[in-house]
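These notes concern the structure reproduced below.
Readers should treat all values here as calculations from the given coordinates under stated rules, not as data from a laboratory. All values derive from a computational prediction rather than experimental measurement. Positions of Cβ are backbone-derived with ideal geometry, glycine not excepted, and every protein chain shown enters the neighbour counts.
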Amino acid sequence: MDFVAGWLEGRGAGLTRRDLGDREVLTATAGSGPVRIVFNGHLDVVPGHPDQFAPRIQGDRLIGRGAYDMKAALGAMMIATANLADTPPPGVQVELVIVPDEERAQPGPNATEMLVDQGLRADFVICGEPTDMQVGVQAKGVMILEVVVEGRAAHGSTPWLGDNAIVRALEVYRRLESLPFTRASTPLFARPSVNLGRIEGGDAVNKVPDLCRMHVDIRYLPGQDPDEVLRQARDCGAASVEVAIARPPADTDPEHPLVGALVQCASRHDHSSMSVGRDGASDAVAFLQVGVPAVEFGPRGAGHHGPDEYVDIPSLMAYRQALEDFAATAGVLAPAIAAIRDQEARA
């Protein structure tokens with residue numbers, strides 16, 4: 001945060017540092033005008049092995065933890081914001097919002113949700129998540145379940161006298177994987193997803209475990225009923241199934257004029273862009289819940305959260321140029337954006 005703040009201040013972007021209890025956020029502004037655009041980025045990454053935190057370049061690839069998700073995109077957003085502060089396009093204000101906790105998987109609001117609760121609004125939000133230069137207008141909903149499975153303890157030398165809770169938990173998970181909701185599809189998604197993210201059970205190796213706890217990460221599709229997904233999960237034979245974390249699906253109108261403008265700007269610099277669905281969740285949902293259109297848009301790459309995560313270096317230039325072009329285009333679209341605001345106000 002100190003490095004990013006110093007870099008932005010040194011390049012003339014108006015900077016604000018805000019304390020949100022145990023977390024700090026940065027906002028940098030460029031330009032002024034009736035159309036307000038937010039670039040949303042996060043500094044945090046998921047855990048990795050030590051060697052993944054030593055970035056390296058191989059050919060056109062920048063390899064390392066967070067390169068694709070999403071530090072390279074954030075770097076491009078920083079450069080774009082600094083350039084826009086130096087030469088602001090008419091009619092638009094860009095606000096770069098940098099948070100430290102998008103990847104957190106604990107209950108409770110993250111920093112972006114706190115900022116939205118405190119009144120952060122815009123006409124359009126771009127979350128710099130990895131999208132390969134496509135514009136993500138939909139994303140799966142999140143339902144992380146804490147699943148408790150009970151068994152019967154016995155001595156480890158006589159397992160037939162007990163009922164192994166870990167083995168039973170794996171059977172419950174296999175049933176979760178094949179529930180009816182998992183067979184759904186939509187035009188933008190082939191299927192929902194179910195992932196066993198954590199499993200804990202047993203308190204001694206010479207004892208049949210009588211309790212097992214799993215955290216199961218379910219991503220359901222836009223249009224599916226989360227209550228029905230939960231009802232199906234609770235019929236799988238576990239002692240208890242509770243929702244630990246929940247986020248609704250993201251769904252932005254692909255016909256919104258600023259979505260179309262972003263697609264055109266991306267296509268201008270990186271072949272043919274289009275509106276797509278995204279498997280992962282993002283902070284876009286926080287804005288969508290208060291009626292602010294938000295999309296995911298990031299550079300090319302692969303392997304986020306995996307062992308060989310990388311970002312495509314040439315795409316970073318195209319990404320930064322697309323962001324700057326989009327800001328200029330948004331200012332030109334000010335009358336159309338004003339008409340949308342009036343329509344929403346009447347509704």
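Observations on the model:
- The string of couplings for the range 216-233 from the Karplus curve (6.51, -1.76, 1.60, θ = phi - 60°) is 10, 9, 9, 10, 9, 8, x, x, 7, 8, x, 5, 5, 4, 5, 4, 5, 5 Hz, one whole number per residue in order, with x for Gly and Pro.
- Annotation: the residues Ile313, Ile37, Ile144, sorted from fewest to most other C-beta atoms within 10 Å of their own C-beta, follow the order Ile313, Ile144, Ile37.
- Subtracting the Cα-Cα distance of Ala336 and Asp279 from their residue separation scaled by 0.36 nm leaves 17.5 nm.
- With the cut-off at under 19 Å, measuring from each backbone N in the range 137-172 to a point 7 Å along the Cα-to-Cβ line of Ser178 picks out 167-172.
- Under 5 Å between amide hydrogens, built in the peptide plane, is the criterion, and for Gly202 it picks out Asp210, Leu211 among residues at least 5 positions away or on other chains.
- Helix 334-346 axis, angle to the chain major axis (alpha carbon atoms, nearest 10°): 50 degrees
- The loop-placed trypsin sites (Lys or Arg not before Pro) in the range 196-281, going by DSSP, that have at most 14 neighbouring Cβ atoms within 10 Å of their Cβ come out as Arg234.
- Histogram of C-alpha separations across the range 93-141, 5 Å bin width, %: 4, 14, 23, 26, 24, 7, 1
- Rounded to the nearest 20, the Cβ-based charge dipole of the chain about its Cα centre (Lys and Arg +1, Asp and Glu -1) stands at 340 debye.
- Note on the range 10-162: semi-axes of the ellipsoid equivalent to its C-alpha gyration tensor, largest first and rounded to whole Å, are 40, 21, 15.
- Three semi-axes describe the equivalent ellipsoid of the range 141-247; taken as square roots of 5 times the Cα gyration tensor eigenvalues and ordered largest first, they are 31, 12, 10 Å.
- The chain: angle of helix 72-86 to the longest principal axis, Cα-based, in degrees nearest 10: 20 degrees
- Set of the range 187-231 residues, backbone N closer than 17 Å to the point 7 Å along the Cα-Cβ line of Thr158: 206-210
- Using alpha-carbon coordinates, inclination of helix 257-269 to the longest axis of the chain, degrees: 80 degrees
- A simple rule links phi to the HN-Hα coupling: the Karplus curve 6.51 cos²θ - 1.76 cosθ + 1.60 with θ = phi - 60°, which for the range 177-187 gives 4, 10, 5, x, 5, 6, 9, 6, 8, 9, x Hz, with x for Gly and Pro.
- Fully extending the segment from Ala302 to Gln106, taken as 0.36 nm per residue of separation minus the present Cα-Cα distance, adds 68.0 nm.
- The antiparallel fraction among DSSP beta bridges confined to the chain stands at about 75%.
- Evaluated at q = 0.06, 0.09, 0.11, 0.12 Å⁻¹, the base-10 log of the normalised Debye intensity for the chain, with identical point scatterers placed on the Cα atoms, takes the values -0.26, -0.55, -0.78, -0.90.
- A cut-off under 12 angstrom between Cβ atoms defines the neighbours of Leu176, and their net charge, with Lys, Arg +1 and Asp, Glu -1, is -1.
- Estimated [θ] at 222 nm from DSSP helical runs (n ≥ 4, -39500 (n - 2.57)) normalised by residues in the chain, nearest 500: -9000 deg cm²/dmol
- Short to long, the 5 Å bins of the Cα pair-distance histogram for the range 1-96 hold 3, 12, 20, 20, 17, 14, 9, 4, 1, 0 percent of all pairs.
- Full extension of the chain segment joining Asp22 with Asp203 gains 61.8 nm, where the gain is 0.36 nm per residue of separation less the Cα-Cα distance.
- Listed residue (Ala184, Gly156, Asn206) projecting farthest to the positive dipole end of the range 141-247, Cβ model: Ala184
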